[in-house]
Structure formats: C-alpha cells, structure tokens
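Step one of this worksheet: look at the structure below.
The values are calculated or read from the model by the stated rules, or taken from the named source; none is laboratory data. Treat the numbers as computed from the prediction; the structure is a model and nothing was measured. No Cβ is skipped: glycine too gets one built from the backbone with ideal geometry, and neighbour counts run over all protein chains shown.
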Amino acid sequence: MHIQIQNLTKSFGANRVLDDITLTVNSGELFFLLGPSGCGKTTLLRAIAGFAEPDAGDIRFGGKSIVSVPPRARNTALVFQNYAVWPHLTVFENVAYGLRVRKVADGELRRRVQAALRQVGMETYAGRKPATLSGGQLQRVALARAIVVEPDVLLFDEPLSNLDAKLRLEIRAEIKRLHGALKRTSIYVTHDQHEALTMADRIAVMRDGQIQQTGTPREIYECPANAFVASFIGELNLFPAAAPLAAALGVTVSDGQIGFRPEHVELTGSGGIPARVLDCAYLGAASELLLQTAAGEQLKARATVSAAVGAAVRFTVSGENILFFNH
Amino acid sequence: MKKLLPLTVTLFFAVFLAWPLAELLKGAFTDGGRFSLRYFQLIFDNPFYSQCFLNSALIAVWSTLLALAVALPLAWLFNRCEFPAKTLLNSLLLLPLILPPFVGAIGLRQFFTRYGTLNLLLEKTGLVNLADPPDWLASGGFYGIILLQALHLYPILFLSAQAAMANLDPALREAAANLGARGWRVFRTVTLPLALPGIFAGTTIVFIAAFTDLGVPLMFSFQATVPSQIFNLVTQPDNPLGYALVVLTLLLVALLFLLGRRLGGGNHATAMRGGAQALTVRLGRLPALLATAGVLGLVAVSVIPHLGVVLQSFSARWFMTALPTEWSGQFYREVFRLDATALSVKNSLLYSVCSLSLDLLLGLAIAWLLTREKFRGKALLDTAAMLPLALPGLVLAFAYYVTFSKPGSPLAFLDPRGNPLPLLVIAYAMHRLPYLVRAAYAGFQQVSAALEEASTNLGACAWQTFRRVSLPLIMANLVAGSILTFSFAMLDVSNSLMLAQESRFYPITKAIYSLMGRITPTAANIACALGVLALLLLAAALYLAARLMGQKMGQLFRS
C-alpha cells in the first residue's frame, strides 16, 4: 500500500504538533519516523491510524483519501509502545480478536492464529493469560495480533522502548525478519537512531512538527541536510565556519557552520593541528577522546588507541569528511 | 450517540436534582410569589423547633466526639503497629458501618430500657432497684440515639484518619525522631497536625450524617429532632415550615462542607512516590493481646443492638427476664405469611433491582463520559454525579415529595401518592449513583485507552470494543458497585419512609417502621425477623462485594 501524506497540520491549542507535513511511503517499505520526544512523530502515526484528527491536509492510502474513514475501517494494525495486550483474554484470543471482528470462519481463524503465533515464536503460549508473560513475549503477541489480520499498513509506535537492551535487539531482529518475509508497508516511530539506522529502508527525521530530511539511512548519515539532523543521528563536532579551527582545517568559507564526526578525526604523528587530551573514555573497541586545541576549542575524536589525559596529540580531518551547514 | 449521551444525562440531573432543589428553595423563600424570610422567622420564634435544632445538634456533636474518641486511637494503632490478626480485625472494624442503625434501634431498646436486660442483670447484683430503675437511654432515647450513631459512624472516621496518617511522608516523622523527639511528641507535633485535614473531612461527614439521620429518632419515637419534624411535615406540602426546615438543614450541610473543604484543602504532606516505607512497630505479646481484645470488645459493643434484634426475632417469650425464656422460628414464617411483610420484601426487591438497573446505565454512561470524552461542562457533570453523596437523604426525599406531588405536574406518573414505584426507583438510584459512578470510573481509569484503541484499530466498532474489551475489564468493579448499590437500596430509610405512603407499596424499612408502631404483641418480633432477613441479605451481598473488590472496597466508602 502506497501512502501519501499531504500538507498535514495539527495543533493542540497553540502548540503546532504537525506543521505542514508532506511525505510519501512506498509500497512494501519499512519507513521510519525519527525524532526527539515532542517532535510530532507519534501524533503523525496516530493520525495515520485515525486516532488523531488532522486540522488540515490529506492522507491517502493507494491514492484514496482516508481522513474521513473511521479508524476501524482503515485496515491498519498498530503495535503499541505498552503492548496493549488485553489482560482478560488468552494469547490465542488476543491474536484471534481482529479475525473474529472480521467474522473469519472458525477453521481458517484457528489456522491463521496458529500461523501468526508460529511466526513470532509464541505457538506454545496460545492458552496462557498475558499476566504470565514477560515484556518481550507480550510484544511478540502484539506483533502476531497485528500481522494476523493482514493489514494494508503496519504501524509501530516505539514498540521496543519498554524492553531491556538484550530483548530490544532480539525483537528488533524479529521485526526486521517479519518485514522481510511479509513485505507489508510499515511505518515505525522511534527516537532511537540506532534502531532507525539498522532497520529502516528510509527515514524521515522530524523536529518541532516538521520534517527535516527524508532519505535512506546512508543518505541521512552521510549527507545530513542540516546541523540538527547531523547531530541527532550520530555524533557531530560543530563549529562556526569563521572559527580558527575551521581555518586550520583549510575551510575557506566564513559563513554558516562546519561539522565533522568523531570517527573522522585522524590522529597524526606529525603535522596536523596540535591539541591536548582532556579526557579519554574507554569504549571497548575504541576510545573516545575529548581534545582541546590551543585556541580552546573542544572536539570529540574516536581512536583505536587510547591516550593519557594531558598528553599532546596532533590531528586532522580530511576535506571530504567536513560537512557545511548554511544556517 | 456522542451528542445524545451527555444530553440524556444532563436532562436526568436537571429534572431529578436541579428542579426538586429549586422547588425546595422556592417554597422556603417565597411567600405569595414574593421573596420572604417569614418562614425562617416562624421557625426561630417557635421554641419547639429551636429545641429540635438544639437536640439534633447535640446528638451530632456527642456522636462525633464519641466516634472521634474511638477512631483516632484505632487509626494510630492500625497505622503504626503490627500484630497478628490485624487484617481481619481491620475489616471487622468496618462491620458497624454496614449494619443499619435503624434496625439496631429495636435491639438497643430491648437491652437498655427501664426493664431491659441490663437493669435486670444489675438488679441481681443489687446495684439497681427495680422499683425505680434508671433509664439508660434517657428521656425518649436521647442517649440511645447518640450511642447508635457513634457506633454506626466511627468506621468513617477510622477510615479517613487511617488514610490521612498513611499518606504522610514517613520522612517527616523520621526527621522529628532524628532531631530527638519521641513517640507521643512526634504524634502531637507532626502526625496529628498533618493528618488533621483528612480527619476533619471525616468529621464533617459524621456530623452531618448524625444530624440528618431519620431512622433512629423515628424508631425511638423521639419527636423533638429536625429529621423527625421534617418527616412529619412531608405530607403537608402546603405547609411552608417543612420547606424552611429542610432548607435550614441544607444550609447547615453546605456550610459544613465548605468549612471542611477549606480546612481540609491543604494536602501538602503526602508521601512522595517511591518514598521510604513507613516504619511500623511490632507489638510484644501482651500489648498485641490487649490491642486485639480491645478491638474485639469494640466490635462486640457495636453489634449489641443487632444482636438484640436477632434475639427478639426468635423469642416467643421475653418478659422481665435478661434473655428470652422461650424460643421460636414462627416469626420468620409469619414474615412470608403476612401480606404487609411479604409484599414489602417483594416491593423492596423490585424497587432495588429497578434502581440498580437505572444506576448501571447512568453510572456507566457518566463514568465513560468523564474518563473517555472531552466536552464542555465536564466538571459540572462530575459535581452533579457526586452531589447525591453530600445531600442528606432526607433533603432529597422531601424535595422529591413536594415537587412531584404538586397537582398539575406534567410528570403525573411520578406522584408518590399513587404507585410510588417510579419515584422511589429514581430516588434510590439518584442516592446511590455516586457509588456506581465511582466504581465504573475507577474501572475505566485502570483500563488504558490503548487497550480500546487496539480493538478499534483491528476493526471493532464502538459497541464491540465496549462489550469485548472495556466491559470485561471493568466487570469486577461494576459487580461490586452493583452489590453495594442494590443492598443500600434494600435498606434505604429516608426515601422509603417519606415517599411510600400506601401500605401495599411499602418497602422493607417502612414495613418495619409501621410494624413497630402496632400494638399487636408479636408485631415487634415480626419486625425483627424482617430486619434480620434484611441484615442477612446485606451481609451476603457485602461478602460477595468484598471478595470481588479485595482491598479496593474501602475506597468506595471514603469521602
């Protein structure tokens, strides 16, 4: 299902949570809405599901406007942040719910529910009540409940944020695998850049109700449209283009800002810009250094070697890794 | 539907709350269509009515003080100390709250009148001379009324004081202890002042309940109280003195509630989230034994009146002896053989079931509107739905009678002088509505909106979502609320006594009242048997509700 969102606007009181949003989600794509909390990503998702009514603009599924279609008739399936698995129904009945509403015959219903439970690895839990399940298992049930109705659009509202780190990786892989198998148009809301970078086909980065940039993970990371996108996705050293460091790096423009990522800072034996190590954090595979230049500018660098605090080092950043921002 | 629901609910409150109250005020403040305070003047000038107010005030003051004296130490004990059987004793302490004092009055009389059990026992020890035995209940049962009210109402104070103390941040006490203060000093300088707003709120409720209770003074035939006089005046809708008496009562209640809100407003000392666990003292063997014995003794005293009712319902002969000398179950048979009583059981069941159904519809609708919808006038609806809890039953019953018995009313079917069923059902329902609204409201609040959205998202319509997701999830709350509502309606006093005028329409309570007024020798026994049946029903219902609600039961009784 191809989704178009055109000039979508919504305000809560004086607060404009969606500000003229336009974007397209291609059929079969795993599309991410990424941004800090309060950026409007969840509201956008709820508008697509029908739980938030837009003030203006249009949402089209396969070319057909659905803004006046009630939520229950949109054939989306939403996976909630807090699972929203019904505590009074068994795992089986939770998954069967959408099919019962759709009046699917008993035999087929049984077959489809079991298939969905198998897909998420929960087939042996069919008779259990949700109170006896862990968070990861609950989210698997929620996943099965969503895919079993074969929705036109799968919606994910920060589905991993209530899980611990290990489970998060597990369910992340699960969702990616399911999406690969089902190829259903999916929209996934998160504030976690790693989730977005590792899972997404394409990402829309949002801030203050506006879309900052849309693109593949690689495009967004390597060619960020502005300083916000660059610093929200990955880490960034950001300086005015007129700063002494910029000149030392050979930057000739004096307007706007320049930025470069810590992993692009190269420590050199000789030549380069002299600096002192203020701090060194051991990260396991690498170390993160906090450096200070003679002019007092501080920057982060990632190095495979560690350095003693107070040591004198020299560094450089190659020209192709320097990003320019106009505003 | 979305528009219709608030409209229906508004209409209900307009017709059955706002209008009767308006009629009440109109009757009290107008004379020949003009504003006048003449009737209030008449009341103040009449020494008898002044005496009534004085008596009611004294009853309320003494009942409240007595209840406070019992409830405060108990609240401290249950908050701060650990001892075996504490949980069980805690629920036993709430027992008197559910035993209707109206029924208990019969039993209390049997024990404490001049030739009652107490004096007959004391005579044997030589302390009492039966030629001129002391009257423990005092002229016309004045002390009896106070004792019954205090025994019935102390659990309310216990609950609110306990809650107020439990909500205190334990760190505040620890700070005082850390600076060197010890037990009693900490209680006097920290715990009590900080718990005072909560205790005061409970005190207001108890005072008002004792002031406005109609059943007990009536059972003692104690005429010189405000409720008794209101009861006498209800059937004279043309007599403006009744209006003025009710409005004065209403003003007093409003004043007390405002005062209670002002003094009880500052809740600044409640515990932080995830704060320290309050420290409790584990009592030694002897103190624990004393505490248990004390609480059991109190419970025993509280059930004495009802014990008397049970005894009398089985006693074939009980004359000038401490206990009955002959026993019989015949009065229970007679309850079902006599028209007056058999009909009253049937009537009460019918009225209560109808009023419960109405409450369920209204309560669900209101709770749903309050938790799930946004609309103008939401705060007003919230207030209206809770108001019946603050309105004494007497006030609303009087207002209903005078409003709906007016000749030429467009709602003639509600006239209580005909078949009182419709009006009684609505009066019962209005009175207990807050319990169901609260139960359903708590249920809806516990059910995350996401659970309903998940259902809608999967294609369910509003009705399917309600029936298959919301309703099952709030069922336990609804059932518990329904049981309470139903059993309170079965034992309703003010509405039943004031609105049912013809004996074939009497509910249980009015049947008991009218039996007690009869001269036939066995009438009192039959009344007691009927009372015991009502108590049994109530006990069964509350046991069920407690099983369903568990710890949450207490919330329904709190203010």
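Details
- Scanning region A:119-155 for residues that are within 22 Å of A:GLU195 (Cα to Cα) and in contact with a Ser or Thr (Cβ under 7 Å, 6 or more places away or on another chain) turns up A:VAL153, A:LEU154, A:LEU155.
- Looking at B:PHE142, B:PHE83, just one residue is touching a strand residue (DSSP E or B) at 6+ places or on another chain (Cβ under 8 Å), modelled with pLDDT of 80 or more and hydrophobic (A, V, I, L, M, F, W, C), and that residue is B:PHE83.
- Every residue from region B:432-448 that is within 14 Å of chain A (Cβ to nearest Cβ), surrounded by fewer than 22 Cβ atoms within 10 Å (Cβ to Cβ) and within 24 Å of B:PHE13 (Cα to Cα): none
- Hits in region B:405-428 (condition: within 29 Å of the chain's Cα centre (by Cα) and of a type in the set (A, V, I, L, M)): B:LEU414, B:LEU421, B:LEU423, B:LEU424, B:VAL425, B:ILE426, B:ALA427
- Among the residues of region A:52-78, just one is among the hydroxyl-bearing types (Ser, Thr, Tyr) and crowded, with 17+ Cβ neighbours inside 10 Å, namely A:THR76.
For (1) assigned to a loop (DSSP other than H, G, I, E, B); (2) surrounded by fewer than 22 Cβ atoms within 10 Å (Cβ to Cβ); (3) touching a helix residue (DSSP H, G or I) at 6+ places or on another chain (Cβ under 6 Å), each residue gets a yes or a no:
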position	(1), (2), (3)
B:LEU381	no, yes, no
B:ALA384	no, yes, yes
B:PHE398	no, no, yes
B:LEU423	no, no, yes
B:MET430	no, no, yes
B:ALA450	no, yes, no
B:TRP463	no, yes, no
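- With respect to the conditions (1) in contact with a Ser or Thr (Cβ under 9 Å, 6 or more places away or on another chain); (2) surrounded by fewer than 17 Cβ atoms within 10 Å (Cβ to Cβ), A:ALA312 lacks only one, and its number is (1).
- Region A:35-62: number of residues that are in contact with an Asp or Glu (Cβ under 7 Å, 6 or more places away or on another chain), within 14 Å of chain B (Cβ to nearest Cβ) and assigned to a loop (DSSP other than H, G, I, E, B): 1
- Taken over region B:452-461, the criterion of being among the charged types (D, E, K, R) and either more than 7 Å from chain A (Cβ to nearest Cβ) or assigned to a loop (DSSP other than H, G, I, E, B) (or both) is satisfied by B:GLU452 alone.
- Helices (runs of 4 or more DSSP H) contained entirely in region B:67-139, each with at least 1 residues that are among the charged types (D, E, K, R): B:86-93, B:101-112, B:117-125
- Candidate set: region A:79-112, residues that are more than 13 Å from every other protein chain (Cβ to nearest Cβ) and surrounded by 18 or more Cβ atoms within 10 Å (Cβ to Cβ); chosen: the one nearest to A:ASN162 (Cα to Cα): A:VAL91
- Meets criteria (among the aromatic types (Phe, Trp, Tyr), surrounded by fewer than 19 Cβ atoms within 10 Å (Cβ to Cβ) and either away from chain B (no Cβ under 13 Å) or in contact (Cβ under 8 Å) with a residue 12 or more places away in the chain (or both)) for A:PHE32: no
- Residue match in region B:384-397 (condition: within 15 Å of B:LEU17 (Cα to Cα) and free of Cβ contacts under 8 Å to residues at least 40 places away in the same chain): no
- Among the residues listed as B:SER63, B:SER50, the single one being without any contact (Cβ under 8 Å) to a residue 24 or more places away in the chain and either farther than 23 Å from B:ILE512 by Cα or not aromatic (Phe, Trp, Tyr) (or both): B:SER50
- Candidate set: region A:113-158, residues that are of a type in the set (D, E, K, R) and closer than 30 Å to A:ARG60 by Cβ; chosen: the one surrounded by the fewest Cβ atoms within 10 Å (Cβ to Cβ): A:GLU150
- Failed item, numbered, when A:ALA241 is tested on (1) farther than 23 Å from A:ILE220 by Cα; (2) surrounded by 15 or more Cβ atoms within 10 Å (Cβ to Cβ); (3) not aromatic (Phe, Trp, Tyr): (1)
- Residue match in region A:245-257 (condition: farther than 24 Å from A:THR22 by Cβ, part of a helix (DSSP H, G or I) and either touching a residue at least 24 places away in the same chain (Cβ under 8 Å) or assigned by TED's automatic domain parsing to the domain that holds A:GLY62 (or both)): yes
- Region B:87-112, residues that are surrounded by fewer than 21 Cβ atoms within 10 Å (Cβ to Cβ), farther than 25 Å from B:VAL190 by Cα and without any contact (Cβ under 8 Å) to a residue 60 or more places away in the chain: B:THR87, B:LEU88
- The residues of region A:67-78 that are in contact with a Ser or Thr (Cβ under 9 Å, 6 or more places away or on another chain) and either more than 7 Å from chain B (Cβ to nearest Cβ) or in contact (Cβ under 8 Å) with a residue 40 or more places away in the chain (or both) amount to a single one, A:PRO70.
- Unmet criterion (only one of (1) in contact with a Ser or Thr (Cβ under 9 Å, 6 or more places away or on another chain); (2) touching a residue at least 12 places away in the same chain (Cβ under 8 Å)) for A:ALA281: (2)
- B:MET475 passes every criterion in (1) surrounded by 22 or more Cβ atoms within 10 Å (Cβ to Cβ); (2) within 9 Å of chain A (Cβ to nearest Cβ) apart from (1).
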